[in-house]
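Visitor: Mind having a look at this structure? Questions to follow.
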Amino acid sequence: MTGAQILVNVLGTAFIAWIVWYFWLYRKEGVKVVEVAGVQQAPITVKGGYDPDVIVVKRGKPVRLLFNRQESSLCSEMVIFDKLGKSAKLPEGETVAIEFTPQEMGEIPFQCQMGMLRGKVVVVND
């Protein structure tokens with residue numbers, strides 16, 4: 001094997017290891033919400049994805065997620081919470097609130113209508 005072949009093999013293996021780590025092993029901690037007048041509140045920017053896309057909330061307390069869409073992509077014009085039976089249109093440049101009170105611990109996924117943009121709310125005990 002030549003030096004160039006060894007270098008290509010080493011770089012290829014490193015790249016594969018990075019892909020495995022990024023897509024399957026890396027876990028985001030999540031953003032904890034700010035409590036405002038007894039309501040857990042988190043702003044979420046919609047631009048090529050949800051930012052933040054993992055939100056940590058406390059069980060049994062009202063939650064208000066403030067979605068602000070900053071793009072014109074058709075995929076991001078709606079957000080859907082299947083587990084809660086809620087959805088909302090997200091007009092470009094406007095802030096839209098989704099409110100609920102989580103009663104059970106676990107994850108509440110949300111996504112765009114095409115399923116390409118995804119996020120989740122993680123419900124924990126106090």
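Taken together, the values in this text are just the output of simple stated rules run on the coordinates, not laboratory data. Please read all numbers here as calculations on a predicted model, not as lab measurements. A quick note on method: Cβ atoms are made from the backbone with ideal geometry, for glycine too, and the neighbour counts reach across all protein chains shown.
Visitor: Per DSSP H run of n ≥ 4, the term is -39500 (n - 2.57); total these for the chain, divide by its residue number, and report the mean residue ellipticity at 222 nm rounded to 500 deg cm²/dmol.
Guide: -5000 deg cm²/dmol
Visitor: Within straight cross-link reach of LYS58, meaning Cα distance under 21 Å, which lysines are found once same-chain residues fewer than 8 apart are removed?
Guide: Within the straight-line limit of under 21 Å, LYS58 reaches these lysines: LYS28, LYS32, LYS83, LYS86, LYS120.
Visitor: Can you list residues whose amide H is under 5 Å from GLU71's amide H, if they're 5+ apart or on another chain and H is modeled 1.01 Å from N?
Guide: GLY93
Visitor: Which distance in Å, rounded to a whole number, links the C-alpha centroids of the range 5-20 and the range 66-126?
Guide: About 37 Å separates the Cα centre of the range 5-20 from the one of the range 66-126.
Visitor: Something else now. Report the calculated FRET efficiency for MET105 and ILE19 (r = Cβ-Cβ distance, R0 = 41 Å), to the nearest 0.05.
Guide: So, using R0 = 41 Å, E works out to roughly 0.80.
Visitor: Report, for the chain, the % of DSSP beta bridges that are antiparallel, rounded to 5.
Guide: Percentage antiparallel, nearest 5: 60.
Visitor: When the chain is fully extended, how far beyond the present Cα-Cα distance does LEU74 get from GLU94, taking 0.36 nm per residue of separation?
Guide: That pair, LEU74 and GLU94, stretches by 5.7 nm at full extension.
Visitor: Another question, if that's okay. State the label only: which of (1) 45, 27, 27; (2) 54, 31, 26; (3) 66, 37, 23 corresponds to Cα extents along the principal axes in Å computed from the shown model?
Guide: The listed entry that was calculated here is (3).
Visitor: Helix 3-20: angle to the longest alpha-carbon principal axis of the chain, degrees 0 to 90, nearest 10?
Guide: Computed tilt is about 20 degrees.
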